[in-house]
Amino acid sequence: MPLLSVEHVTRRFGGVVAVDDVSLGVESGQIAGLIGPNGAGKTTLFNLITRLYRPDSGEIAFDGESLLRTPPHRIVRRGIARTFQNVELFPSMTVLENVLVGSHGRGGRSARELLGELGLDAVVHRRAAGLAFGTMKRLELARALASSPRLLLLDEPAAGLSHEEVEELGALIRRIRASFDLTVLLVEHHMNLVMGVADRVHVLDFGRKLAEGSPAEVQRNPAVIEAYLGSERPQHAPA
Amino acid sequence: MSRVVRIAAGLVAAAAAVALVLVLPHWLSDARAAEFARAGCFFIAILGLNLLTGYTGQISLGHGALMAVGAYTTAILTANHGFRDLWTIPLAGLVAMGAGFLLGLPARRLSGLYLALATFAFAVAMPALLKRFSGLTGGSQGINLFDKALTRSTGALGPVHVLGRTVATNDFLYYLTWGTGLVLAAAAWVLVRGRVGRAFRAVRDSEVAAASSGINTGFYKMLAFGISGFYAGVGGSLFVLVSNWFVSPTTFAFDKSLLLVVGAVVGGLGSLAGMALGALFIQFVPSWAGNVSNAPGAPSVFFGAAIVLVMILLPSGLGGVLRKLTEPLTTRL
Ligand SMILES: Nc1ncnc2c1ncn2[C@@H]1O[C@H](COP(=O)(O)OP(=O)(O)OP(=O)(O)O)[C@@H](O)[C@H]1O
Ligand SMILES: [Mg+2]
């Protein structure tokens, strides 16, 4: 049984069907990639899983139990933590305080230890607002890990990072999966990163599930290649 | 290291504030002491408003009405139920806390201007409510403890004996309000640095991130309204004592609510020390404005101009100036 299962989930915004009858499963311990062109519905799916949005139909279950009756602030207690596409830190609070808030709903490792592990010990008492972008993203990751999640949802963790930072990120994701005993669902446009770390890749296009398979299978899939070449971001087409 | 210095500087500043509060009455006339006591009530209410607006990001234009709840709790318990006025102060805080929770209910759904209007409606309705339930509140006559409970009104009969000293009534009221204010300021200082205060600030900074971190944002908004209501209630309770043990519906007309917001903003939201300056501002600047000219409407215009001037010259309020003055000290050390 998958740790996370999404079954026939649909969510509309006015006339737009942002997520259209999508089903997918993420097995415990997996790093699963979720890719698709802009507007495919990836972030909406994250927002549905974390209950910021309610699906119009379908079922989402975690560890065999429905998530749909869990209010948003209880999601983290069920063992699901996330990062946001447009970094959502607490800008006026210090790095340490950001991580302490991360353990509000469910504690785990000591915040100091966590900051050390993510290379943030030099900025512990700095306000989040003044940090470099890459540091903000690492802080957001640290905050998510502070709740000792079983499932970590990462929404474009590589966006805006330098080439070296992206390389490090791949290694970091693998490392935290091992040391935190995590399952990861990763939304990313950076194909080298996804194809490098993911065990399995799910593809969305216009809200629909387009394909699923190993990174190699997905890269060969003609429908996936078509979706990416037809989009406005050909630079992100799978190599 | 710099943190240690900053904490030490904070303690020194707190000690200096306590010392200043202690010695100030020696230089004040009796009438001035009464005015400072009144400012002390505003200080306490504004501390509460600051927790709500400065730290949790929720607007309230209804805090004058929460002060009224505290004030009437004290007046009713002392006048009709045999309580000594001083013992009703914490009770007034608790009753206003309950009212604050209720006032916070709309905050779970509304924000910004809509929340401002919902809370303002409470401020506007309060005097009418007080008149409507005249059996309890004395209607538009209000409640005069001086008549109804003279012996239970501490200091109403003359100087007060505390700790083996004899203290003039207005000095006593001054020490009572500012002493209470300093204790509640220390409590606020501790609160905003702990788990609850972090949750408040998280709600202010990003509601989605707060919710995703496990914070029940609706609950914490209501809690902030409740705690803030406690402060307003204590301030309102003391306001009865400093108003010659008298309260009526006009004591807390809606302009008090606006005045408190002015005090909090001028003081500098998010700065606890600034709140004392904000309280002094709303206590003294309107009467100074009256001294400049008492042509019809002129005092209000001068008071308004003073507010605008502070906001233009000091966008982060008087508290921001305090911070700027002390920052070089703490960073250089
Ligand atoms: N709150 C909302 N209100 C209205 N429309 C929305 C909302 N959220 C998402 N949408 C729409 O749903 C569709 C899917 O958006 P979503 O953000 O999920 O895409 P995405 O796959 O994350 O894209 P990107 O790669 O650009 O981040 C888009 O057409 C978007 O405009
Ligand atoms: Mg997105």
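Results, tabulated for the structure shown:
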| read-out | value |
| --- | --- |
| Answer from A:LEU96, A:LEU52, A:LEU48 - the residue that is within 16 Å of ligand 2 (Cβ to nearest atom) and not in a loop (DSSP other than H, G, I, E, B) | A:LEU48 |
| Count - residues of segment A:79-90 that are away from ligand 2 (no atom under 16 Å from the Cβ), touching a Leu at 6+ places or on another chain (Cβ under 9 Å) and assigned to a loop (DSSP other than H, G, I, E, B) | 2 |
| Filtered residue count, segment A:5-40, keeping only those that are more than 9 Å from ligand 1 (Cβ to nearest atom), more than 19 Å from A:LEU210 (Cβ to Cβ) and of a type in the set (A, V, I, L, M, F, W, C) | 1 |
| Any hit, segment A:110-121, residues being under 26 Å from A:ASP20 (Cβ atoms) and within 14 Å of another protein chain (Cβ to nearest Cβ) | no |
| Filter result for A:PHE62 (buried (at least 20 other Cβ atoms within 10 Å of the Cβ), closer than 20 Å to B:ASN216 by Cβ and facing chain B (nearest Cβ under 9 Å)) | no |
| Unique residue being within 15 Å of ligand 1 (Cβ to nearest atom), out of contact with any helix residue (DSSP H, G or I) (no Cβ under 6 Å at 6 or more places or on another chain) and open to solvent by less than 30 Å² (accessible area, probe 1.4 Å) when the list is A:THR44, A:THR50 | A:THR44 |
| Identity of the residue in segment B:206-230, more than 14 Å from chain A (Cβ to nearest Cβ) and open to solvent by 10 Å² or more (accessible area, probe 1.4 Å), that ends up nearest to A:LEU151 (Cα to Cα) | B:ILE227 |
| Every pair of residues 6+ apart whose Cβ atoms lie under 6 Å, when the first sits in segment A:25-43 and is within 14 Å of another protein chain (Cβ to nearest Cβ) and in contact (Cβ under 8 Å) with a residue 12 or more places away in the chain while the second is more than 6 Å from ligand 1 (Cβ to nearest atom) and not β-branched (Val, Ile, Thr) | A:THR43/A:ASP155 |
| Verdict on A:GLU59 being more than 16 Å from ligand 1 (Cβ to nearest atom) and modelled with pLDDT of 95 or more | yes |
| Residues satisfying the stated conditions in segment A:79-89, i.e. among the charged types (D, E, K, R) and open to solvent by less than 30 Å² (accessible area, probe 1.4 Å) | A:ARG82 |
| Selected residue (criterion: nearest to ligand 1 (Cβ to nearest atom)) from residues of segment A:142-163 that are in contact (Cβ under 8 Å) with a residue 40 or more places away in the chain and part of a loop (DSSP other than H, G, I, E, B) | A:GLU156 |
| Subset of segment A:108-124 [assigned to a helix (DSSP H, G or I) and surrounded by 15 or more Cβ atoms within 10 Å (Cβ to Cβ)] | A:ALA111, A:LEU114, A:LEU115, A:GLU117, A:VAL123 |
| Filter pass, A:VAL76 being more than 13 Å from ligand 1 (Cβ to nearest atom), outside any loop (DSSP other than H, G, I, E, B) and either among the hydroxyl-bearing types (Ser, Thr, Tyr) or open to solvent by less than 30 Å² (accessible area, probe 1.4 Å) (or both) | yes |
| Qualifying residues in segment A:90-107 (those that are more than 7 Å from chain B (Cβ to nearest Cβ) and closer than 14 Å to A:ALA129 by Cβ) - the one surrounded by the fewest Cβ atoms within 10 Å (Cβ to Cβ) | A:THR94 |
| Output for segment A:65-89, where each listed residue is farther than 21 Å from B:PHE219 by Cα, away from every other protein chain (no Cβ under 13 Å) and charged (D, E, K, R) | A:GLU65 |
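The values are calculated or read from the model by the stated rules, or taken from the named source; none is laboratory data. All values derive from a computational prediction rather than experimental measurement. Positions of Cβ are backbone-derived with ideal geometry, glycine not excepted, and every protein chain shown enters the neighbour counts. The area values use the complete protein model at the heavy-atom level, side chains included, leaving out ligands, DNA and RNA. Shrake-Rupley method; radii C 1.70, N 1.55, O 1.52, S 1.80 Å.
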